[in-house]
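Heads up: the structure comes next, in structure tokens.
The values are calculated or read from the model by the stated rules, or taken from the named source; none is laboratory data. Given the structure is predicted, the values throughout are model-derived calculations rather than measurements. Here the Cβ is made from the backbone with ideal geometry for all residues, glycine too, and neighbour counts use every protein chain on show.
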Amino acid sequence: MKFKQSEKLYNKGLENLVGAVNSPVRAFASVGGNPLFIDKAKGSKIKDVDGNRYIDMVLSYGPMILGHRHKKVEKAISKALKNGYSFGASTNAEIKLAKIVCDAFPGMDKVRFVNSGTEAVLSAIRLARAHTGNDKIIKFSGCYHGHMDAMLVAAGSGLATLSLPGSKGVPSLAVENTLIAEYNNLESVKKHIEENSDIAAVILEPVTGNMGVVQPSDAFIKGLRELTKEHGVLLICDEVMTGFRSKFGGAQELIGIEADITCLGKVIGGGFPVGAYGASNEIMENVAPLGGMYQAGTLSGNPIAMAAGISTLTELKRQNPYEKFEKIAGKIETILLEGAKKYNVDLTVNKFGSMINPFFAAEEVKNFTDAQKCDTDKFAVFFWEMIKNGVFLPPSQFESWFLCSALSDKDVENFEKAVDAAMKMVAGK
Ligand SMILES: *Cc1c(COP(=O)(O)O)cnc(C)c1O
């Protein structure tokens, strides 16, 4: 397999782009080598500029849940394009997408569209502070909530991959109101709540994807909901990744809780830049123009992005691929575990609906500390061998892999062959 053209573009890209990427998760920092440059994609496959074809399990880090360039989505976008790209005024499409989203989340009466997951979270945090009059926020180590200052402590995703404890350039004042707790450890939250009377919200990924996939225990998540309610602390579910991924609606419903504020992104834009935050009428009425919390956006509710979102969610509801996802994820789990066993490689697999990933670790992974014990060198070997065998994965041990509804049985067969080759390589045989 040749990567000549990718290499060429990478070197060219270094000149005027930072590291030749526009998001550090796309750099191959932790797996070595140069990032692949993509030419095009269709269905479950993605093709790089050297003409190599891969089964795509990155799927733009989640959004492409139907696979690439689904016919109906393409048609909706083309139609919207003919009417103009941006107006700075309201359109019917925004109302339609808002209804689809609100209907899918119990307790969500109103939603505000923004342009990214980061924007959704920073707005949700401002909203929690506006509603409660308190400033402090509890977040969990290993959870990633976008790159706003206050959330760039003990964060997963690119920071975990690059082994950064936080980001330079974040003033201490900006994180002074951020308290860190441990995922799946209710006591660590209780302690903060007992010691601080001015907490606005607890924010979490209801199922994590940014330290790899980690599910909350029943006792932890139910306890967290009760504890926050009891103390008048809002619960923010950051479902930017999990929203519409494992059911039509949120992971919070699957794990049996209801958030006060929900953040969305990724899938709801169908590949275009869309984020959203939503809550009950009572909470959302704080937001301007109804209330005194300011939040705005020139391109928010962009008509092309709304068309992509509406058509993606409509088709997703029609296909209802969630049982198929469970089945494929089950197969993939078995393939990974059997491959590891065959070559005597320590492996733990975590999954939730259409999110799955292996950890190169012998022990169960329940939080960020567990995840960090993984053998990232083994992951790097595994990653490159998967690439060479036609499977495109996130270039990090700490990112979830994603399934799309365009995956075929043939894709799963090819995946199995790739895993066998990759595990053999990891074992050094
Ligand atoms: C991706 C992600 C974000 C950030 O979204 P962007 O669109 O990259 O700004 C926030 N929270 C979670 C849980 C995410 O997975």
Handout entry: Those residues of segment 30-52 which are over 21 Å from the mean Cα position of the chain (by Cα) and over 20 Å from Glu74 (Cβ atoms), in sequence order
Key = Gly32, Gly33, Asn34, Phe37, Asp48, Val49, Asp50, Gly51, Asn52
Handout entry: Answer residue from segment 125-154, given it is in a helix (DSSP H, G or I) and in contact with a His (Cβ under 9 Å, 6 or more places away or on another chain) and is farthest from the ligand (Cβ to nearest atom) among those
Key = Ile125
Exercise for the section: Please work out which one of (1) in contact (Cβ under 8 Å) with a residue 40 or more places away in the chain; (2) away from the ligand (no atom under 16 Å from the Cβ); (3) outside any helix (DSSP H, G or I) is the condition Ile65 fails and give its number. Expected result: (2)
Problem - Condition broken by Ala124, with the remaining ones in (1) surrounded by fewer than 24 Cβ atoms within 10 Å (Cβ to Cβ); (2) of a type in the set (Gly, Ala, Ser); (3) under 16 Å from Ile261 (Cα atoms) satisfied - result: (1)
Problem - Which listed residue is more than 16 Å from the ligand (Cβ to nearest atom) and assigned to a helix (DSSP H, G or I), from Leu159, Leu97 - result: Leu97
Problem - Lys45 more than 16 Å from the ligand (Cβ to nearest atom) and either more than 25 Å from Cys404 (Cβ to Cβ) or surrounded by 14 or more Cβ atoms within 10 Å (Cβ to Cβ) (or both) - result: yes
Completion exercise
In the set Lys79, Lys99, the lone residue that is surrounded by fewer than 18 Cβ atoms within 10 Å (Cβ to Cβ), out of contact with any Lys or Arg (no Cβ under 7 Å at 6 or more places or on another chain) and closer than 23 Å to Met293 by Cα is Lys99
Problem - So Glu338, is it surrounded by fewer than 23 Cβ atoms within 10 Å (Cβ to Cβ), of a type outside the set (A, V, I, L, M), in contact with a Lys or Arg (Cβ under 9 Å, 6 or more places away or on another chain) and outside the structural domain of Ala251 (by TED's automatic domain parsing) - result: no
Exercise for the section: Return a yes/no flag: does segment 207-222 have any residue that is over 30 Å from Ala41 (Cα atoms), β-branched (Val, Ile, Thr), within 15 Å of the ligand (Cβ to nearest atom) and in contact (Cβ under 8 Å) with a residue 40 or more places away in the chain. Expected result: no
